[in-house]
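To start, the structure under review is shown below, and the notes come after it.
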Amino acid sequence: MKYSGWIDLIARDRPRWWEIGLVAVGCVVAGILFRLLFHSALANSGPFVTFFPAVIIAAIWGGVPAGVTVVLASTVAAVVLYRQLVAPDWSFIGWGLLGLYWIFGGLLLGLGAVFRRTLIDLAAAHAQAQLLAAEMQHRSKNLLAVVQALVAQTARRTETVAAFEAAFAPRLGALLEAQAIISERAAGNVPLPQLLARVVASFETDGRFRLAGPALNVDHQAATPLALILHELATNAIKHGALGSHCGRISLQWERAGRGVTIEWKESGGPAVAVPVAVGFGSRLLQNALPRRLGEASLAFEADGVRATIRLKPDAIVASHLSNSP
């Protein structure tokens, strides 16, 4: 649905002063011309009858200021026209008609202002709906692209349908978990502590994770790759790292680094770490999941455990707070 040009013209919250003046003058002039053109037919009518439409039109197009201007200017114009065309004397009845004109003109002005506000609200709601639809379409395309990449990458590393299902299902679950968190936030900004906690929750046993860092929000475009990266790190920790040992622990901390944020995943207490001969899915995901404008990630195989460092750039951080999370 698209609004026509004249509705878009009306549905502006604050018209400029010259627009208000132009609308008011146009409405008063139209009322005067109508009175002059149809004077013979309106000879027995009141002096203000042609200005009632002008008041409501001015209020709709230019708001309350234009409507008030028309009421005042049309009062002067009507009195002058009446004395020139009907009777030179302004009688007691004329003053009564003037009072009634101001009363009913004020009512029409109010109706016009309410109608104008309704148009403004409808136009704003329409614009918001269009924005949400565009954002939903954009997110859907991005989500499908991520799913397609996960399918392709997982298929390359598995040889049977069962192996593919076993590898792909948890990754898809992590993606859906990230999307669930994003969907809960109307503005699309995701609390980083909540995101990290919910992603590692399914791997948590006996307090083996230690999460610490300030409370801040990340952009939804960074939340999805972050969830995938952390899920892959936790999966590999179960297979080869700290979570595969009953003594293993994982420290997941984040801190501010200038205008950005650094997230560090550090494993300890697990089996001895060796640098893999071939680059696996997890390493490629870590290097490529984050768009470069949002951040970068690196992986180090240290003697006491794997260390992953994710550096988020300022574009990935929104609505930051300085308080520390418990």
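The values are calculated or read from the model by the stated rules, or taken from the named source; none is laboratory data. These numbers were taken from a predicted model, which means no experiment stands behind them. For neighbour counting, all protein chains shown are included, and Cβ atoms are generated from backbone atoms with ideal geometry for every residue, glycine included.
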Check your understanding: Quick check: is even one residue across the stretch 46-65 farther than 16 Å from Leu97 by Cβ, assigned by TED's automatic domain parsing to the domain that holds Asp121 and at pLDDT below 75?
Key -> no
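Residue under question is Ala152, and the condition is that it be at pLDDT 85 or above, under 21 Å from Ala289 (Cα atoms) and assigned to a helix (DSSP H, G or I); does it hold? I'd like the intermediate steps shown before the answer.
On the way: at pLDDT 85 or above: no; under 21 Å from Ala289 (Cα atoms): yes; assigned to a helix (DSSP H, G or I): yes.
Answer is no for this residue.
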Report yes if Glu232 is more than 19 Å from Pro191 (Cβ to Cβ) and within 37 Å of the chain's Cα centre (by Cα), otherwise no. yes
Might you check whether a residue that is in contact with a Leu (Cβ under 8 Å, 6 or more places away or on another chain) and in a loop (DSSP other than H, G, I, E, B) occurs anywhere in the stretch 260-274?
yes
Check your understanding: Has the stretch 179-193 got at least one residue that is assigned to a helix (DSSP H, G or I), assigned by TED's automatic domain parsing to the domain that holds Leu294 and modelled with pLDDT of 80 or more?
Key -> yes
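Is it fair to say Ala30 is part of a helix (DSSP H, G or I), touching a helix residue (DSSP H, G or I) at 6+ places or on another chain (Cβ under 9 Å), at pLDDT 80 or above and surrounded by fewer than 20 Cβ atoms within 10 Å (Cβ to Cβ)?
On the way: part of a helix (DSSP H, G or I): yes; touching a helix residue (DSSP H, G or I) at 6+ places or on another chain (Cβ under 9 Å): yes; at pLDDT 80 or above: yes; surrounded by fewer than 20 Cβ atoms within 10 Å (Cβ to Cβ): yes.
Judged against the criteria, Ala30 is a match.
Looking at Thr309, is it outside any helix (DSSP H, G or I), assigned by TED's automatic domain parsing to the domain that holds Leu196, farther than 24 Å from Pro170 by Cα and polar (S, T, N, Q)? If you could, list the steps in order and put the result at the bottom.
Working: outside any helix (DSSP H, G or I): yes; assigned by TED's automatic domain parsing to the domain that holds Leu196: yes; farther than 24 Å from Pro170 by Cα: no; polar (S, T, N, Q): yes.
Considered against the rule, which asks whether it is outside any helix (DSSP H, G or I), assigned by TED's automatic domain parsing to the domain that holds Leu196, farther than 24 Å from Pro170 by Cα and polar (S, T, N, Q), Thr309 comes out as no.
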